[in-house]
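Notes follow the structure.
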Amino acid sequence: MSENEKAFIQIREISKHFGDVIAVNKVDLDIKKGELFSILGASGSGKTTLLRMMAGLEIPTEGKIFIDGVDMTNVPPYKRPVNIMFQNYALFPHMTVFDNIAYGLKKDGIAKDVIDEKVNKMLALVKLSDYGKRRPNQLSGGQSQRVALARSLIKEPKVLLLDEPLAALDKKLRQSTQFELIDIQEELGVTFVIVTHDQEEAMTLSDRIAVMEEGEFVQIGTPNSIYEHPNSKFVADFIGNINMFDAKVTSSNEQELALACKALGGEIIIQNPGQTIHSTELSVALRPEKVIIDKQQPSDEDHYYVKGVVEDFGYFGNLSIFRVRTSSGDIVQVSKQNRVRIEDTITWEDEVYLSWEQESLIVLDN
């Protein structure tokens, strides 16, 4: 976010204590208007507590929350320009889809013709125009999710908070629904804040992600920056699959970092490391999809390589996963995209070469 771009949601030094337990610890966060922002963390990391404080369902122990420049810290939930969508959807079973979506407008005493127009537009937006007369028990999981979303958006909140919104869906439906959610958010321009423990979901949905651990943010950035440039071993290991090995610094300056790493064949030279190294012992990480596996020794001088033996092999249709034991005794995991419709020529007990570009290595000193 640029210095000239004022944050739509501003969280300043927010903490929440439950007795001796610190659920959220002095968190700062800026979210832009119209952004689809995810808070990603494991169970117990504090992400849902933070979401509930934004909704007004929990009062912070200390700190401030501003939405559109207004201090909302002690404002009750019903007076905030915010709505929240829970993971269980909480649809009224005795009401039709139409009435579920219209419920908030009816409570506010909105005229019937206005309600009809708004609800029909919302049904069209979530692709449920023919489902208005159905009841929740006649809907699939994905349809129920869209009804809950429509009900959350019908009163045009400035911010929509979503607590694990796709958790109840099966994997295939979850993947397709992710893109529908993105399309709806882009069309309406409402600021979405999503809490999730699912890394893939956060990576797919988000403009930016905040990774949370033990009540604090450990890294905030775009999905690409967090995946390709994690700032710690925790983030590197938490986001996606990764190989991580011990290494020692043999020499270091601004132009070059020399490492000794047995798992990756010995000496490794990192050109223009772009970071300050504070320790002589650190970790080198390498994503499985960055590794090339072949029976032939690579001739490209730009690639490092090690020799090993395939110890485990799994075929998953679109890709194959290999676990290769190198001469150092370390296991390197490799994912190989299956681009052609032939049986893979590499299998168990094969001797192979693993190679990678220097730019693919991630150096982590914490």
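The values are calculated or read from the model by the stated rules, or taken from the named source; none is laboratory data. Please read all numbers here as calculations on a predicted model, not as lab measurements. Methodologically, a virtual Cβ is constructed for each residue, glycine included, from the backbone with ideal geometry; neighbour enumeration extends over all protein chains shown.
A few points about this structure:
- Of the residues making up the stretch 331-366, those that are over 22 Å from V235 (Cα atoms) and outside any strand (DSSP E or B) number 13.
- Evaluating I101 against the criteria (1) part of a helix (DSSP H, G or I); (2) within 25 Å of the chain's Cα centre (by Cα) leaves one unmet condition, (2).
- In the set (1) within 30 Å of E311 (Cα to Cα); (2) surrounded by 19 or more Cβ atoms within 10 Å (Cβ to Cβ); (3) in the same structural domain as Y353 (by TED's automatic domain parsing), the condition left unmet by L257 is number (1).
- Scanning the stretch 13-24 for residues that are touching a Ser or Thr at 6+ places or on another chain (Cβ under 9 Å), in contact (Cβ under 8 Å) with a residue 40 or more places away in the chain and surrounded by fewer than 16 Cβ atoms within 10 Å (Cβ to Cβ) turns up just one, H17.
- Answer residue from the stretch 274-321, given it is more than 29 Å from the chain's Cα centre (by Cα) and hydroxyl-bearing (S, T, Y) and is modelled with the highest pLDDT among those: Y305
- Taking the stretch 176-218 as the range and being β-branched (V, I, T), buried (at least 19 other Cβ atoms within 10 Å of the Cβ) and closer than 13 Å to F37 by Cα as the test, the residues that pass are V190, T191, V193, I194, V195, T196, I209, V211.
- Checking the stated criteria, K158 turns out not to satisfy the condition of being of a type in the set (D, E, K, R), free of Cβ contacts under 8 Å to residues at least 40 places away in the same chain and either surrounded by fewer than 17 Cβ atoms within 10 Å (Cβ to Cβ) or closer than 25 Å to G240 by Cβ (or both).
- Among the criteria (1) modelled with pLDDT under 95; (2) surrounded by 13 or more Cβ atoms within 10 Å (Cβ to Cβ), the one G221 does not fulfil is (1).
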